[in-house]
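The values are calculated or read from the model by the stated rules, or taken from the named source; none is laboratory data. Fair warning: this is a prediction, and the values are worked out from it, not measured in the lab. Cβ: placed from backbone, ideal geometry, glycine included. Neighbour counts: every protein chain shown. Remember, those area values only see protein heavy atoms, side chains included, never the ligands or the DNA or RNA. Shrake-Rupley method; radii C 1.70, N 1.55, O 1.52, S 1.80 Å.
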Amino acid sequence: MFENLKELPADKILALMQLYRDDPREQKIDLGVGVYKNAEGVTPVMRAVKAAERKLVEEQQSKSYVGLVGDPAYSDAMIELILGDAVERNKVGAAATPGGTGAVRQAFELIRLANPKARVWVSDPTWPNHTTILAYLGMEMKTYRYFDSETRGVDFDGMMADLKTADKGDVVLLHGCCHNPTGANLNKVEWQAVIDLLNERGLVPMVDIAYQGFGDGLEADAEATRMVAAGVPECLIAASCSKNFGVYRERTGLLMAVCQDAGRTGINQGTLAFLNRQNYSFPPDHGARVVTMILTDPELRADWAAELEEMRLGMLEIRQQLADELQRLTGSDRFAFLAQHRGMFSRLGTTPELVQKLRDDHGIYMVGDSRMNIAGLNAATVPVLAKAIVDAGI
Ligand code: LMR
């Protein structure tokens, strides 16, 4: 049997992580994988997470199974965080999942189960794992234009034109905030136009929200997802706590199936439970419990939100520093988009060859499509990167 196995293509983001680790140069800069790092290059355990974990060790009496969709208190807390009061709780079926990827995978499986003919439309570009999971599941995928390589903003006209060709029942995957990999996002008016189009054509949105709190703030970053949830008959929302709670390795995510007909919530919820059972049975609990403790304790929640806000402002400052430094070196506003992008990533908009050159000549690691993790920079490395960008002729 094993002789039939072939070498599979490596995930380009994870492969880059390894290349960086193997690079013996001291002066190297990691702008690859989407993991937050502070100015010292450390991915810290957030204060509120530490405090909740300590409490958990003291108070937890059992590690017995919780439930197929996880602890309902976790779903409640996350639904409140993401959806606020945009939709009533009884319209939301929800299940804890192993991380945001688990939620994405389960969402795709639900789509396949509910409508095997549905095609899933993803932005060009999107997070590479979206496309590989769809391919792995044998689901048909289509792309819609998204990134304007001239302005480095959203090609909104292209996006709308492409989505107008989608068939009724097709699913449109949207990034709730902080688009990965580009950093370019829709504004509120554009979101409303997308929602109107979805309704006109009978398309089902699936929102992936993995960076709430990294863009314009916890509430602002949830706004588009709330507009979608309230503005369409049904949608899926895949959420991750990896980044905004810094619990990457704890695999803490949530999948929501939102339906304006509350009478369907039971079946939706049952389907999510079934899918969990088939794929891994009970979802991981530790991260979800810690997140629940934080969100339901006013003091922990305030401290978590404050630390997240510090992280967000730090990334905005780095964006501005980089844009300013490039402005100074080039005498042009060509790189002003870096300060306008939001979230952990910006797509520089250059060729794989020049990305490779940055790596070879300067030990600067970014994904081949020129996505860079802004959190990988600090005040000392910003000028190094800016100079390397100019030297490379980008
Ligand atoms: C990323 O985009 O770098 C992160 O979401 C990490 C991952 O799993 O790819």
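The table below gives the values:
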| quantity | calculated |
| --- | --- |
| Unmet requirement for TRP127, which otherwise passes all of (1) in contact (Cβ under 8 Å) with a residue 12 or more places away in the chain; (2) more than 16 Å from the ligand (Cβ to nearest atom); (3) open to solvent by 40 Å² or more (accessible area, probe 1.4 Å); (4) not acidic (Asp, Glu) | (2) |
| Long-range neighbours under 7 Å by Cβ, at least six apart or interchain, first residue under 16 Å from LEU358 (Cα atoms) within the range 17-38, second open to solvent by 40 Å² or more (accessible area, probe 1.4 Å) and away from the ligand (no atom under 16 Å from the Cβ) | TYR20/LYS28; ILE29/VAL384 |
| Verdict on ASP30 being within 16 Å of the ligand (Cβ to nearest atom) and charged (D, E, K, R) | yes |
| Given (1) assigned to a loop (DSSP other than H, G, I, E, B); (2) within 16 Å of the ligand (Cβ to nearest atom), number of the condition ALA239 does not satisfy | (1) |
| Test: GLY343 is touching a Gly at 6+ places or on another chain (Cβ under 9 Å) and within 16 Å of the ligand (Cβ to nearest atom) | yes |
| Selected residue (criterion: nearest to ASP162 (Cα to Cα)) from residues of the range 177-206 that are touching a residue at least 12 places away in the same chain (Cβ under 8 Å) and open to solvent by 60 Å² or more (accessible area, probe 1.4 Å) | ARG201 |
| Subset tally (residues that are polar (S, T, N, Q) and within 14 Å of the ligand (Cβ to nearest atom)) for the range 98-122 | 1 |
| Sole residue being over 22 Å from the mean Cα position of the chain (by Cα), crowded, with 20+ Cβ neighbours inside 10 Å and more than 15 Å from the ligand (Cβ to nearest atom), chosen from ASN268, ASN276 | ASN268 |
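Residue-wise test of (1) open to solvent by less than 20 Å² (accessible area, probe 1.4 Å); (2) assigned to a helix (DSSP H, G or I); (3) in contact (Cβ under 8 Å) with a residue 12 or more places away in the chain; (4) within 17 Å of VAL172 (Cα to Cα).
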residue: SER62; (1), (2), (3), (4): no, no, no, no
residue: VAL66; (1), (2), (3), (4): no, no, yes, no
residue: ALA77; (1), (2), (3), (4): yes, yes, yes, no
residue: ILE82; (1), (2), (3), (4): yes, yes, yes, no
residue: ALA94; (1), (2), (3), (4): yes, no, yes, no
residue: TRP121; (1), (2), (3), (4): yes, no, yes, yes
